[in-house]
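> Have a look at this one.
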Amino acid sequence: MNSNNKKTEHYFAKPGVANIGLTKEDIKTSFLEKLFYSLGRIPVVATKNDFYTSLALTVRDRVFRKYVKSLEQYAEEDARGVAYLSAEYLPGPHLGNNLLNLEIVEETREALAEFDLDLDELLKEEVEPGLGNGGLGRLASCYMDSLATLGIPSIAYGIRYEFGIFKQEIQNGWQVESTDKWLQKGNTWEILRPEISFEVKFGGNTEHSRDENNKLHIEWIPDSEIKGTAYDTPILGYQSNSIILRLWKAEATESFDFAAYNLGEYYRAVEKKMRSENITKVLYPNDENLSGKELRLKQQYFFVCCSLQDIIRLHLLQGRKLETLHEKFTIQLNDTHPSIAVAELMRLLLDVHHMEWEEAWKVTKSTFAYTNHTLLPEALEKWPVNLLRNLLPRHLELIYEINSRFITEIREHDFTGEQISRMSLIDDRGEPTIRMAHLATVGSYKVNGVSALHSGLLKEEVLKDFAQLWPEKFTNVTNGITHRRFLAVSNPLLAGLITEKIGKGWLTNLDKLKSLESFVNDEDFRRKWMEVKLENKKNLAAQIKEFTGFEINPEMLIDVQVKRIHEYKRQHLKVLHILSLYMQIKEDGQNNIPPTAFVFAGKAAPGYFMAKRIIKLITAVGDLINNDPEVNKILKVIFLPNFSVKLAQHVYPGADLSEQISMAGKEASGTGNMKFALNGALTIGTLDGANVEIREEVGEENFFLFGLTTEEVAERKKAGYHPYKIYSENEKLKRVLDFLLSEELTKGDTELFRSIYDNLLNQDPYLLLQDYQSYVDQMENVYEIWKDSQKWAKMSIINVANMGKFSSDRSIKDYCEKIWKVKAVKA
Ligand code: BZD
C-alpha cells in the first residue's frame, strides 16, 4: 500500500475491498469466515469456545475499524492527549460490552440464532483479564470506557501479567488460592506489536565524566537488560471512538551471541531469559498493604520505562520537539505505582536527550498529574534506598538531586525544620526509604483524591505540608463508574424499563435518569420496577446455586457486601449483626426479622492473616445458620467464591441492600457503592468516601446512615478508646462476641476465632464495637421499610434517578477540565 496520506476510507472504497458491515447478514458472513479461515473449523466439530472466538474475532474487526478512524482523527487534529499509567486494569469481559457499544446486540443475537447458537451462552465463554486487585484497577477500566466514549485522545499503559489475580476457592471454609491462567485458551482481543518494543536496564552503576567544555556526562552502565513488547487491546466507546490499552510483556533481549557460548553458557543464557520474563509473570495480590519486594519495583519500573519511551516516540514521530512534550501529552499516575516515572522522565530527558536540568524539570513537572487512592499508612509506597541503589542507581541519584533542590526551595518558605524533614522525599528515620507519594507530588502539576471527603483529608493529613506550599496543586475528582457496563450491559431488564420510560439518552448522559423521579408515584411503573428486580434476584439466586450449591428464595431481602476483604471495610461488623439475628431467633424466640440472604464475596490478600480468618468466620456462620432448620427459613449466609467483574455483573442487579460500612475516613471513595445504587439497591453506610456524596445526591431520607463521622472517630481515638468497656456494658453485644469462642460456632475448635475476638476487645482499630449499636439500630429501620414494599420501591427509584453524578463520563470530564486541559475529538 502506498502511504501518501490517504485516509482508510479511501482504501475501503476500492472495489473488492470489503467494508465491515453491522447488519445481521454481515455478522453471519464474518462469523462463518472466522470459523473457517481463522480457526479452520466446521460447525459440526466446533466447540463452544470456537464459536465464541469466531464471534469475538468478528466483533474485533469492527472495533479495530473504529480505532483506525479514531487514530486518524486524533492525528489530523494534532490534539493534546492523555497517557494513563496504571499498574492494574480490570476490564471485565469485552464481548458483551463491545456489542453494546457497536449497537449490534440484537443483530448478533439473531445472526447466531440462525445457526442455532445462543448469544448468552457464548458470552459465558469469555475469560476475563484479572489484571488488578480491586477498585483501583476497575476504576482505570471505567475511565478507559469514558475516555473512548467521549472521544478524548488517549492511550492507557500497563503490564500484561501472564497470571492475573489468583483464583479463589473455598475449601472447608478457608480461602485457597490457585493460579489464574487467563491466557490459556488464547486472547482474541489483543494484538502483538513486535515492532513496538523497548529496552529496559537494571542494576550496575553510573559513571560521571566531564567533556572538554567541562560539561558533566553521566552514563548508566547496567548489569542487565530486558525488552518490553507491546500488546494492544482496543477499548471501544459507545457509538464512537476506540482507544488502545497497551500492555507490556517482558522478554529477554536477543543480544546473546549463542554461537559463541559453550553448552554451560547456553544454559545460563536460557536461565537469564527465563529470569527476565519473570518480571511480568504475576500480579502482586496485595491491595492496601505493600511489602517492599524487589520484583514489584522491577515491574513498576519496567512498564514505566517502556511507556515513557513509547510516549516520546509518539511525540517525536509527529515531528515535534521534546521541549513541548507537556504541551502535547499529560501523563496521569494512577496512584504511586508508576511514580518512578518522575525520575525516569528526567533520566530520559537529561541523559538520553541531553536536555539541561531546568528545562527537563519544567517539562517533567508540567507533564505528570497524580491520583492518590489511599490514606492508609501501610499502603503508602516507600522503597528502601538500598534497593533503589542496587536496581536503579541512576534514578536514586536523580531522586537525591530532585530532593536537594526541593529542600532548597522550601527553606525559602516559612517551614519549620520538622516540616522540612516530614516533606523530604527521603525518610531517614530507621532504614532510609523513598516516599513515593512525595516524589509524585513534587513531580506533578496536579494532585487529586478520589472523593470530596478523601481529597479533603489528603490536604489536611497525609500531604498537608505540600497543600500549604502549593494549595492550587490540590484538587478533587470524585470517582465514577461506567453506567454502560454496569447498567446497560449487566442489567438489560432495568435498562430496558428505563429506556421505555425516558428514552435512551441516559446512555450518553446519565443525568437524564433524573426524570425517572416523576414516575415514583406511578403505581404501574413501581410494579414493573419491582418485577424487574425480582427477575434479577432470580438470576442472582441461580448464580448462587451454580457456584455454591445453596438455594435461596429470591423473595428474600438480598443484603450484599462484595469487595476486597479488609479489616477497615468491616465485613466482620456485618457478621456480628448476623449473629445477633441468629441469637434473636434461637434464644429470644423473637421472629419479626424479614427473611434475608446475606451475600458476601471478595478476595483476601494471601498473606493477610486477619482477612483470611474473616472469610473463615463468614463461612462458619454460614455453616451454622444454613444447616439449622429453625433459622435457615429466615436467614441464609452465602460466600460467593472468586469475585470478578463477570460475577459482579450478576450481583449488583440482584441486590436489595448495599453494605458500605467501612470506618469513616478509611475508604477513599468506593465504587461498588455507586454500582449498587445505580442498580436500585438501597445503601446502609457510614459517612465515608463517596457514600457522603451519594447520600447528598439521593437525599438523606433515602440512605440508611449509621456510625461515627471521620471527626468523631478522631476525637474518640484521641480521648482514649476502650472497646472492652463497650463490650461489658452492652449485654447483647457481649453475647454475640462471646459466641465467637463457642463450641457451636467453632465446632469444638474454640481458639479458631480467638485472634478476631482479642483484637476486637483489646484494640478494635476500626471501631466495630463503637459503631455496632448504631448499625444494629439502623438495620431495624431497614427492616421496617423493607416490609413496606411500595416505600422501598420508591426509594429505589429515587436512588437510581440521582446517580447521574457517578457516571465515569462526569469524572473524565472533570479530569479534562480541572487537570488535563484536554478537549474531545470525536470521530
Ligand atoms: O481505589 C481503592 C480504594 O480503596 C477505593 O476506596 C477507591 O474507590 C478505589 C478507586 O479509587 N484502592 C485500591 O483498589 N487499591 C488497590 O487495589 C491497590 C493495589 C495495589 C497496591 C495498593 C493498592
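> Could you tally the net charge around Leu453, taking each other residue with its Cβ under 12 Å from the Cβ of Leu453, Lys/Arg +1 and Asp/Glu -1?
Summing Lys and Arg as +1 and Asp and Glu as -1 gives -4.
> Ok, one more. What translational diffusion coefficient, in µm²/s and rounded to a whole number, does the Stokes-Einstein relation yield for the stretch 60-166 at 20 °C and a viscosity of 1.002 mPa s, taking the hydrodynamic radius as the Kirkwood radius over Cα pairs?
136
> Give me the percent of DSSP beta bridges within the chain that run antiparallel, rounded to the nearest 5.
45
> Let me ask something additional. Which of the pairs Lys215/Lys464; Lys69/Lys538; Lys185/Lys633; Lys298/Lys328; Lys563/Lys823; Lys69/Lys281 have their Cα atoms more than 32 Å apart in this structure?
Flagged as over cut-off: Lys215/Lys464; Lys69/Lys538; Lys185/Lys633; Lys563/Lys823; Lys69/Lys281.
> Take the Cα of Ser789, step 7 Å along the line toward its Cβ, and report every residue of the stretch 531-547 whose backbone nitrogen sits under 14 Å from that point.
531-538, by backbone N distance to the label point.
> For the pair Leu534 and Arg716, how long in nm is the line joining their label points, each one 7 Å along Cα→Cβ?
It is 4.0 nm.
> So, one more: When N counts the residues of the chain, how does its alpha-carbon radius of gyration compare numerically with 2.2 N^0.38 Å, as a ratio?
0.98
> Would you compute, for the Cα atoms of the stretch 302-353, the largest minus smallest coordinate along each principal axis and list the three values in descending order, in whole Å?
Its Cα atoms span 31, 22, 15 Å along the three principal axes.
> OK, next. May I ask you to list the residues of the stretch 159-178 whose amide nitrogen lies under 20 Å from a point 7 Å from Cα along the Cα→beta-carbon direction of Lys48?
Residues 168 qualify, since their backbone N sits under 20 Å from the label point.
> Further question: In Å and whole numbers, how far do the C-alpha atoms of the stretch 560-655 stretch along each principal axis, longest first?
Computed over the Cα atoms, the extents are 39, 30, 21 Å.
> Taking neighbour Cβ counts within 10 Å as the exposure measure, how do Glu125, Glu358 sort from fewest upward?
Ordered by Cβ neighbours within 10 Å, fewest first: Glu358, Glu125.
> With a sphere of radius 13 Å drawn around the Cβ of Glu125, what net charge do the other residues whose Cβ falls strictly inside it have (Lys, Arg +1; Asp, Glu -1)?
Overall, the nearby charge balance is -2.
> I've got another one for you. Counting only DSSP beta bridges with both residues in the stretch 313-461, tell me the antiparallel percent, nearest 5.
Just about 40 percent of them are antiparallel.
> Need one number: convex hull volume per residue for the stretch 132-226, Cα atoms only, in Å³.
241
> Highest mean first, what order results for 203-215, 332-344 on Cβ atoms within 10 Å?
332-344, 203-215
> Can you pull out the chymotrypsin sites (Phe, Trp or Tyr not before Pro) in the stretch 92-168 whose DSSP state is coil and whose Cβ has at most 15 other Cβ atoms within 10 Å?
Those that pass, being in a loop and sparsely packed, are Phe115.
> Just from the alpha-carbon atoms, what are the Rg and Dmax of the stretch 524-802 in angstroms?
Radius of gyration, then largest Cα-Cα span, for the stretch 524-802: 17.9, 55 Å.
> Taking neighbour Cβ counts within 10 Å as the exposure measure, how do Thr408, Thr683 sort from fewest upward?
Listed from fewest to most nearby Cβ atoms, that is Thr408, Thr683.
> Can you divide the C-alpha Rg of the stretch 195-349 by 2.2 N^0.38 Å and report the result to two decimal places?
In units of the globular-protein estimate, the stretch 195-349 measures up at 1.23.
> Suppose the chain between Glu418 and Asp118 were pulled fully straight at 0.36 nm per residue; how much longer would it get relative to their current alpha carbon spacing?
101.3 nm
> Once you have the Cα-Cα distance between Glu33 and Thr408, take 0.36 nm times their residue separation minus that, and quote the gain in nm to one decimal.
Full extension from Glu33 to Thr408 adds 128.4 nm.
> A follow-up question, please. Among Cys816, Cys142, which comes first, second and so on when ranked by fewest other beta-carbon atoms within 10 Å?
Listing Cys816, Cys142 from fewest to most nearby Cβ atoms yields Cys816, Cys142.
> Moving on to the next point. In the stretch 276-315, what is the volume of the convex hull around the alpha carbon atoms, normalised per residue and reported in Å³?
Spread over its residues, the Cα hull of the stretch 276-315 gives 85 Å³ apiece.
> Also, quick follow-up: So how far apart, in nm, are the two label points at Ile221 and Glu169 if each is 7 Å from Cα heading toward Cβ?
Each label point lies 7 Å from its Cα, and together they span 5.2 nm.
Here, each number is a calculation from the coordinates, and none is a lab measurement. No experiment lies behind these values; they were computed from the predicted model shown. Using ideal geometry, Cβ is built from the backbone for each residue, glycine included, and neighbour counts are taken over all protein chains shown.
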